[in-house]
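The values are calculated or read from the model by the stated rules, or taken from the named source; none is laboratory data. Quick caveat: nothing in here was measured; it's all calculated off a predicted structure. Methodologically, a virtual Cβ is constructed for each residue, glycine included, from the backbone with ideal geometry; neighbour enumeration extends over all protein chains shown. To get the accessible areas, we keep the full protein, side chains included, count just its heavy atoms, and leave off ligands, DNA and RNA. Shrake-Rupley method; radii C 1.70, N 1.55, O 1.52, S 1.80 Å.
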Amino acid sequence: MKIIHTSDIHLESKMHGLGTEKAKERQAEVRDAFFRLIDYAEAKSARVILIAGDFFDSKKVKLKTLKEVVSKIGLHPSIDFLYLNGNHDDSSVFSNEKLGELPSNLHIINSDNNSFRYDKVHIKAFDLTKLTSEELVSNLNFNPDDFNILMLHGMECEIPLASLVGKHIDYLALGDIHIPDIKAKKLDAKGVYGYSGVLEPRGFDELGERGFFLLEINKHELKRTFVPNNNRTYHIVNVDISGLDNYTLIQDAINKKVASISTDDIVRVVLIGSYNYDTIKDLDSILANLERKFYYAEVLDKSTLDYKTIDFEKEISLRGEFYNLVKNNPKLSEEEKEKILEYGLKALREEVIEIWNY
């Protein structure tokens, strides 16, 4: 028997920071990532798709989105969809009367509908916000002769893993953490567990490949395979500009670092290292070049000014006066002097000052 384990799809995610048009495109791509998963499940003859929470990004969902999801599910009657809501969403959104009768293969987990049997495979799912750890354990009663799957949504610290040891669980399908456990973790001598991670990344805190897991069950044997499914990948690229004193050299260093990244992807270039006062970075041109190359790009300048390359001590000017006031201030640490000089001299040159908190 084949089962798909997914979670944290976050349909209708806001996609902050991408701009209005790209945010809409990315919302559609998140939806399409889920639809690709369904098509893959159909092609592989999977019997069940486990959705371990956060199907939607909020507890309010547009009717248009619900209709699209319901229609897609209804087109695949041979696959059961077991949906457990998470901390972001609420399965009651499917109670919208304008949806009409829901597909019979969409099973919404609640206290009366949480146990599913497919021959010798037994699946149970529980909302951890609705019962105590003791109640969860008392409701398991798995048969050791079956292949038993438990589906939960929550952080690892919220799940009573120690209490699940010895409860005849073969696989614990988890949702909530957005990083996939490529290698399943040991629950006990019999069972393993893991998070599926997000289906499609939505920010720079979700770097690298994302997808879902195909579970292939043969009696008590489990083959668990990660299936990459994301349309775009987020990348953070650090570029050390130490010793690079002009735009051409800096741009060349960036080009080499991003050369292997797909043009369909989303890239943040972070300038690091130290630079001389006379270095010309031309951040606007750097960003423009990246925007021409990638779907979306941004540049963060976290490089620091090497204030030892500044020498205006004898210069009779506003710049010289500012330099001496900062340099000779006994109340400032060397680090504080460096930052004040960096920002102050940028202001005197009428440059944009960006302070990042990343």
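Taking the numbered list (1) touching a His at 6+ places or on another chain (Cβ under 9 Å); (2) closer than 22 Å to ILE149 by Cα in turn, LEU106 passes all entries but (1). Taking the criterion of being in a helix (DSSP H, G or I), touching a residue at least 12 places away in the same chain (Cβ under 8 Å) and open to solvent by 10 Å² or more (accessible area, probe 1.4 Å), the residues of the range 68-83 that qualify are GLU68, VAL70, LYS72, GLY74.
Taking the range 59-74 as the range and being under 15 Å from ASP32 (Cα atoms) and aliphatic (A, V, I, L, M) as the test, the residues that pass are LEU66, VAL69, VAL70, ILE73.
ARG319 falls short on exactly one of the conditions (1) farther than 23 Å from PHE204 by Cβ; (2) in contact (Cβ under 8 Å) with a residue 24 or more places away in the chain; (3) buried (at least 16 other Cβ atoms within 10 Å of the Cβ); (4) touching a helix residue (DSSP H, G or I) at 6+ places or on another chain (Cβ under 6 Å), and that condition is (3). Within the range 193-205, the set of residues being touching a Phe, Trp or Tyr at 6+ places or on another chain (Cβ under 6 Å) and surrounded by fewer than 18 Cβ atoms within 10 Å (Cβ to Cβ) comprises PHE204 only. Filtered by the rule that a residue be part of a loop (DSSP other than H, G, I, E, B), of a type outside the set (D, E, K, R) and under 21 Å from the mean Cα position of the chain (by Cα), the range 160-188 gives ILE177, HIS178, ILE179, PRO180, ILE182, ALA184.
Of all residues in the range 12-67 being of a type in the set (S, T, N, Q) and free of Cβ contacts under 8 Å to residues at least 60 places away in the same chain, which is nearest to LEU150 (Cα to Cα)?
Applying the filter and picking the extreme gives SER45.
For the range 111-128, filtering for residues that are in contact (Cβ under 8 Å) with a residue 12 or more places away in the chain, within 19 Å of LEU174 (Cβ to Cβ) and either in a strand (DSSP E or B) or not aromatic (Phe, Trp, Tyr) (or both) leaves 9.
Listed here are the residues, each with its yes/no results for (1) touching a helix residue (DSSP H, G or I) at 6+ places or on another chain (Cβ under 9 Å); (2) more than 30 Å from PRO144 (Cα to Cα).
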site: LYS219; (1), (2): no, no
site: LYS223; (1), (2): no, no
site: THR233; (1), (2): no, yes
site: ASN255; (1), (2): yes, yes
site: TYR277; (1), (2): yes, yes
site: ILE286; (1), (2): yes, yes
site: ASN289; (1), (2): yes, yes
